[in-house]
1. Does the stretch 104-175 come out rounded, prolate or oblate, given a ≥ b ≥ c as the square roots of the eigenvalues of its C-alpha gyration tensor, rounded meaning a/c under 1.5 and, failing that, prolate meaning a/b above b/c?
2. Against the longest alpha carbon principal axis of the chain, how many degrees, from 0 to 90 and to the nearest 10, is the axis of helix 173-193 turned?
3. Using a 7 Å offset from the Cα along the Cα-to-Cβ direction at both His36 and Arg67, what is the distance between the two label points in nm, to one decimal?
4. According to a simple spin-label model (label point 7 Å from Cα along Cα-to-Cβ), what is the distance in nm between Tyr52 and Asp219?
5. Over the Cα atoms of the chain, what radius of gyration and what Dmax do you get, in Å?
6. Heavy atoms of the protein only, probe of 1.4 Å, neighbouring chains included. What is the accessible area of Ser172 in Å², nearest 10?
7. Considering only protein heavy atoms, what is the solvent-accessible area of His17 at a probe of 1.4 Å, reported in Å² to the nearest 10?
8. How much solvent-accessible surface does Trp174 expose, in Å² to the nearest 10, with a 1.4 Å probe and all protein chains in place?
Amino acid sequence: SGILLHIMRSDVGDPVHNIRVIMPDQSGGASYVNNHEAQPFNPIALEDLRMYDNLRFMDWCFAYNSRISSWSDWPTKQTCGPARGFGFSGFANAYEWMCLLGNALHRNIWINLPYLATNDEFMRNMARVVHQTLAPGRKVYVEYANEIWNTAEWYLPQMIYLNSMAGGWGVSGWEQAQAYVSGRLFKAFRDEFGAERDRVVNVLCGFNLDPGLTQTLLDDITNAGVNPTGVTADAFATAPYIYGNS
């Protein structure tokens, strides 16, 4: 499903490089090809997305089972292999593309930190890229992972990871570990955006059917012993989801 390119022969001294796949102009002309740097998105897709006020990039962020923990391994705009399909079967995508799509539509964006990327370097670089790329006036919703409470499927290992890391972070259980990581992520964005911090919306994820868990997570994120950054959540996000075919 997609485009498959086989390189049959290449010169080791000057290998095939800088491959670009560009959609032709719908009218049959060359204006889109010539303008793809300034406007890289499919105009039809832009029109389809224009009805939404906030674009959530959970799958592009590979929030479910990304194996990436280091910023040096995270894709850039020049990386081959953009996101496709569901997050647990696709590829991570560059945060720059998410910002640029939001810019093209004049919309806010909602991004996720991959669950293994709990180091300060990744968080700081993520915040820096978004601050430098997202247009002024646009907001960014920031969330750590997704559905951390969910262990029903093999592709949702976040809870297992947090339980294994909690003791080393000086907290107890995955709920406190979620608050600990979320607080550090929120602080990274607050520090980067500085005077523009009102453009950042800190999102804590929970479960719609468990109000007890909601209270636990909200208590943890405001507990200085669990979240010493003092930066708490602005929004609480839950399932259920609304699907286009239901």
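1. prolate
2. In the chain, helix 173-193 runs at an angle near 60 degrees to the longest axis.
3. Those two pseudo-labels are separated by 3.0 nm.
4. So the two model labels end up 3.5 nm from each other.
5. Looking at the chain, its Cα Rg and Dmax stand at 19.7, 63 Å.
6. In the full protein context, Ser172 sits at about 80 Å².
7. Ignoring ligands and nucleic acids, His17 comes out at about 130 Å².
8. Trp174 has an accessible surface of roughly 30 Å² with all protein chains in place.
The values are calculated or read from the model by the stated rules, or taken from the named source; none is laboratory data. Since the structure is predicted, the reported quantities are computational estimates derived from the model, not experimental observations. When we count neighbours, we look across all protein chains shown, and the Cβ atoms used for this are built from the backbone with ideal geometry, even at glycine. For the accessible areas, the whole protein counts, side chains as well, though only heavy atoms, and no ligand, DNA or RNA atoms are used. Shrake-Rupley method; radii C 1.70, N 1.55, O 1.52, S 1.80 Å.
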